[in-house]
Amino acid sequence: MFENNELGLELSTAMLIAAAKKRGITVEILDTEDNFIRLTKGEKTEYVKQATRTSKDTYIAPLIMENKEVTKLVLRELGINVPAGMMVQSVDEAMAHFESFRGRDLVVKPKSSNFGLGIEIFKKLQCASCFQQAVVKAFTYDTAVLIEDFIPGKEYRFLVIGEQVAGILHRVPANVVGDGVSTIAELVAEKNRNPLRGKGYVTPLEKLTLDDTEIAFLGEQHKTVATIPKAGETVYLRENSNISTGGDSIDFTDAIREDYKAIAVAAAKAVGANICGADIIISDIKAKPDASNYSIIELNFNPALHIHNYPFVGQNRHVDDKVLDLLGF
C-alpha cells in the first residue's frame, strides 16, 4: 500500500519523507500546501520542494524545460530527434497556415506547460473550427503555441536522476474495458472506486473524468457516455496518455534498450537537469535508435516520483531512494 497521506501531501513527497526517515534523516515539513520540506542529518541540510525540486538543479534548467521551443532547439543541436513544427503568436497566425496542416497528424500545445495541459492531437486534420478551438485553448495557457508533427509510436516516460535512468513507464491513455452490460459512465465510476485512484496526486493514479474533452473524444469514436461496450473491448477516453488525466502506468524499465536510456540522460544533461522526466515516442523498443524511430516530445521539470514506485502494472523502482542518493544522504 502507498504511504499514509493524512497530512495532505502529494504522494511523491510523502514517499520521500518515508524513505528519508528510514535512513535516519530528520524531516521537517515547512509548508504542507507547497510540499516544501527540510532534510537534515548531522551537518548536512537539504531543502526539497515537491519531491524533485532540489539544490542539484540550477534555476535555469527548469526554465529551459518549461519552454518547449528552447528545449527542442537545444536537443536538435545535439542531434537528438525532436518533432518538426512551428510556433505561432496568435490564433490568426495559426489559421493562416491551416491549409498547409490539412490532412496531417498534428499536436497543438502551449509553448510552456506541464501535466499535459492545453494539448490537443489531430489525426489527418480536416476540421478548421476544431483546429481553431484547440489553438484558442492552448493560448489560455501561454502567449505562444506550438504546432508540431504527431510522432507515431508508443510514449514512454524516462525518469532521469543524476547519471542514470531510474525508471521507465509506458503511459496508456485513460480507458475502460467493457463487460457487455455496463455503460461507459458506469465503467468509469467502477474504475474510480479503486483506492489507488484519487485527485491531486495524493494517490498513485488519478481518477478518470468524463468532461468535455472525454465526451468529444468519445464522439469521434461514435460513442457517448451511455454506450455499452462489448465484453473485453477497450474504450479510450482521451488521446493523450498523462497519468494526471487518468492514464494507466506500465513499467518498462528492464524492457527498453540501453541506447534509449543513454539518449534520455544526454537530453537531461543538455538542459542542465539532474532530475527530469523525458517523454520519448519510440516505434520499436527493440530496434536500435536512428533518425526515424524515436523522438523526444518533452522534457519535464518536477517529474512525479510516485508513478514509478506504484505503477498500474510492474514493480516498485524505489526512485525516492535514488533522489536521496543524489542529495548525498
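The values are calculated or read from the model by the stated rules, or taken from the named source; none is laboratory data. Note that this is a predicted model, so its numbers are computed, not measured. Please note: Cβ atoms are built from the backbone with ideal geometry, for glycine as well, and neighbour counts cover all protein chains shown. Ligands, DNA and RNA are stripped out before the accessible areas are found, and what is left, the full protein with its side chains, is counted by its heavy atoms. Shrake-Rupley method; radii C 1.70, N 1.55, O 1.52, S 1.80 Å.
Here is how the numbers come out for the structure above:
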quantity: Tally, over region 298-327, of residues that are surrounded by 23 or more Cβ atoms within 10 Å (Cβ to Cβ), among the β-branched types (V, I, T) and within 22 Å of D248 (Cα to Cα); calculated: 2
quantity: Candidate set from region 204-220 (those that are open to solvent by 60 Å² or more (accessible area, probe 1.4 Å) and farther than 30 Å from M15 by Cβ); member that is modelled with the highest pLDDT; calculated: I215
quantity: Residues within region 66-80 that are in a loop (DSSP other than H, G, I, E, B) and surrounded by 15 or more Cβ atoms within 10 Å (Cβ to Cβ), tallied; calculated: 2
quantity: Residues located in region 266-301, provided they are over 20 Å from N240 (Cβ atoms) and of a type in the set (G, A, S); calculated: A266, A267, A268, A270, G272, A273, A287, A291, S292
quantity: Counted residues, region 81-120 - those being under 21 Å from the mean Cα position of the chain (by Cα), open to solvent by 40 Å² or more (accessible area, probe 1.4 Å) and more than 20 Å from I64 (Cα to Cα); calculated: 2
quantity: Tally, over region 224-264, of residues that are closer than 13 Å to A174 by Cα, in contact with a Gly (Cβ under 8 Å, 6 or more places away or on another chain) and not β-branched (V, I, T); calculated: 7
quantity: Which listed residue is out of contact with any strand residue (DSSP E or B) (no Cβ under 7 Å at 6 or more places or on another chain), modelled with pLDDT under 95 and closer than 20 Å to K72 by Cα, from A291, A266; calculated: A291
quantity: Filter pass, T58 being touching a residue at least 40 places away in the same chain (Cβ under 8 Å) and open to solvent by less than 50 Å² (accessible area, probe 1.4 Å); calculated: no
quantity: Which listed residue is in a loop (DSSP other than H, G, I, E, B) and in contact with a Leu (Cβ under 6 Å, 6 or more places away or on another chain), from V188, V225, V181; calculated: V225
quantity: Residue among Y260, Y236, Y201 that alone is open to solvent by 30 Å² or more (accessible area, probe 1.4 Å) and either without any contact (Cβ under 8 Å) to a residue 24 or more places away in the chain or farther than 25 Å from L324 by Cβ (or both); calculated: Y236
